[in-house]
Amino acid sequence: DGIVAARLRFPDAVQYACFDTSFHAGMPISAQRTGLPLEMEDTSLRRFGFHGLSYRFVLDDLTARVGHAASMQRLLVAHLGAGASMAAIENGQTIDTSMGFSALAGLPMATRSGDIDPGLILHLILEKGWPPSVLRDKLYNGAGLLGLSGGDVKALLKSDDPRAGEALAQFAYQARKQAGALIAAMGGVDRIIFTGGIGQYAPTIRAAICEPLSDLYGISLDTRANDLGETCISEPDSSVIVETVHTDEALMIARSGRALLQARPAQITRRAS
């Protein structure tokens, strides 16, 4: 729809697409496979992962701030916002990520359910009579934090309603569980980076994710730095560096366009003219 709308408005413009999945294309095949039998599975049915533009920005930002060696570390990057995912990144490559074939998988989100037992989905369709199209809309647009509490994260953090606390606790629990699994996939972690609206601006969520993992991984949060949302929010003696970063996916799209123009200026100019 976006491509058609742009073509109608700017018929002579050169269009290019930046896929959120491309950053994860080099994941190990064991992380890409879905568990479907071979006769069903093909290259179009894979765990693709999303938020790749954000993860690429975080890596570039880390390189600019600290140096190339830091971007080669074992990184757990948590893009927590209305859409939420985490990725295990080592040597600049995705090892695994919480989202899968669709952006519905993984953590509970603002309106998306996150991981649900596929048997439960089949039960709702076959035994409870939910039409698949209605169920799809509910899982994408009426579940997650909205379905659990009736509000978004900003409202939940300010609310005294017990449902708000329960929804945030579930979000932090699921995020912590995903974090542990992704760290295990790398065999450890050197740096944790939070980004996205929740990741950058919700210190209580960051603490609820990191503090229960402290004994396992030697994470020591600096409470004051975390509350203030500083870039580095871990103590100097922490075994794992913990940071917050403001991501900029739009900037990554613009940089891709610039790189395309620099790589093929004559071809693009001819088409645009």
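With +1 on each Lys and Arg Cβ and -1 on each Asp and Glu Cβ, how big is the dipole of the chain about its Cα centre, in debye rounded to the nearest 20? All intermediate terms of the calculation are to be shown ahead of the outcome.
On the way: 25 positive and 29 negative charges, 209 e Å.
That gives the chain a dipole magnitude of about 1000 debye.
Choose one of 242, 27, 108: the residue whose Cα lies farthest towards the positive end of the charge dipole of the chain (beta-carbon charges +1 Lys, Arg; -1 Asp, Glu; about the Cα centre).
The one lying farthest along the dipole's positive direction is 27.
Ranked highest first by the average count of other Cβ atoms within 10 Å around their residues, in what order do 118-129, 253-264 fall?
253-264, 118-129
Just want to confirm a number: the relative contact order over the chain, from Cα pairs under 8 angstrom separated by 6+ residues, in percent.
Computed over the chain, the figure is 18 percent.
Given the options 64, 78, 169, which has the most mean-square fluctuation in a GNM of the chain, springs set between C-alpha atoms less than 10 angstrom apart?
So, out of 64, 78, 169, the one fluctuating most is 64.
Taking R0 as 25 Å, what's the FRET efficiency between residue 152 and residue 190 from their Cβ-Cβ distance, rounded to 0.05?
Numbers: r = 33 Å, r/R0 = 1.30.
For residue 152 and residue 190, the calculated efficiency is 0.15.
Put +1 on the Cβ of each Lys and Arg and -1 on the Cβ of each Asp and Glu in the chain; which of 15, 153, 197 then has its Cα farthest toward the positive end of the dipole?
Value computed over the given set: 15.
Take the Cα pairs of the chain, get the Kirkwood Rh, then feed it into Stokes-Einstein at 20 °C and 1.002 mPa s and tell me D in µm²/s.
106 µm²/s
What part of the accessible area of the range 1-142, given as a whole %, is carbon or sulfur when the probe is 1.4 angstrom?
Heavy-atom surface of the range 1-142 belonging to carbon and sulfur, 1.4 Å probe: 59 percent.
What's the longest piece of the chain with no exposed chymotrypsin sites (Phe, Trp or Tyr not before Pro), counting a site as exposed if DSSP puts it in a loop and it has at most 16 other beta carbons within 10 Å?
Free of exposed loop sites, the longest segment is 102-273.
Under a crude label model (7 Å from the Cα following the beta-carbon direction), how far is residue 4 from residue 17 in nanometres?
Placing both labels 7 Å along Cα→Cβ, they lie 1.4 nm apart.
The values are calculated or read from the model by the stated rules, or taken from the named source; none is laboratory data. Bear in mind the structure is a predicted one, so any value in this text is a computation, not a measurement. Methodologically, a virtual Cβ is constructed for each residue, glycine included, from the backbone with ideal geometry; neighbour enumeration extends over all protein chains shown. When the accessible area is computed, the model is the full protein with side chains, heavy atoms only, and any ligands, DNA or RNA have been set aside. Shrake-Rupley method; radii C 1.70, N 1.55, O 1.52, S 1.80 Å.
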